[in-house]
Amino acid sequence: MVRRSSNPNNTSGTSPTVVVYLRPRGLRPPAAAAYLGTTPFAVEEAWRNGTLKFRVIGGQRVSSVEQLDAFFESFPEQSGKLAGRGRFLESATESRAA
């Protein structure tokens, strides 16, 4: 007969599972860009031109989620086709001028 050793860490039944989610208050460029749906370069550019505020924490620039929300809401909602972009920009501006 095999005797099992008793483990004090094993309990009978199930233990409740606690899930803890910490909402970040400040996001660095990669996370801020993912939150906004843009690129880290666009976030850094907004910091440089002053349209998005940031704080320096631990030597890193971060924007608060509230600042990111306000920045996002500052853009107008649009629908329909986008104006010319990239290589099509010239043809779009020419057609508007005519």
Exercise. If you go through the range 11-40 one residue at a time, how many are surrounded by 13 or more Cβ atoms within 10 Å (Cβ to Cβ) and assigned to a helix (DSSP H, G or I)?
Worked result: 8
Seminar exercise, completed: Of the conditions (1) at pLDDT 95 or above; (2) part of a helix (DSSP H, G or I); (3) out of contact with any helix residue (DSSP H, G or I) (no Cβ under 6 Å at 6 or more places or on another chain); (4) not aliphatic (A, V, I, L, M), the single one that Thr51 does not satisfy is (2)
Seminar exercise, completed: With the first residue restricted to the range 14-34 and required to be over 13 Å from Leu68 (Cα atoms), and the second required to be among the hydrophobic types (A, V, I, L, M, F, W, C) and not in a loop (DSSP other than H, G, I, E, B), Cβ contacts under 8 Å at 6 or more apart or on different chains are Arg23/Val65
Exercise. Scanning the range 41-63 for residues that are surrounded by 12 or more Cβ atoms within 10 Å (Cβ to Cβ) and without any contact (Cβ under 8 Å) to a residue 12 or more places away in the chain, which turns out nearest to Pro24 (Cα to Cα)?
Worked result: Ala42
For this session: For residues that are in contact (Cβ under 8 Å) with a residue 12 or more places away in the chain and not in a helix (DSSP H, G or I), tally how many sit in the range 64-80.
Result: 2
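The values are calculated or read from the model by the stated rules, or taken from the named source; none is laboratory data. On a predicted model such as this, the values are computed, not experimentally measured, just so you know. Note that we place each Cβ from the backbone using ideal geometry, even for glycine, and neighbour counts take in every protein chain shown.
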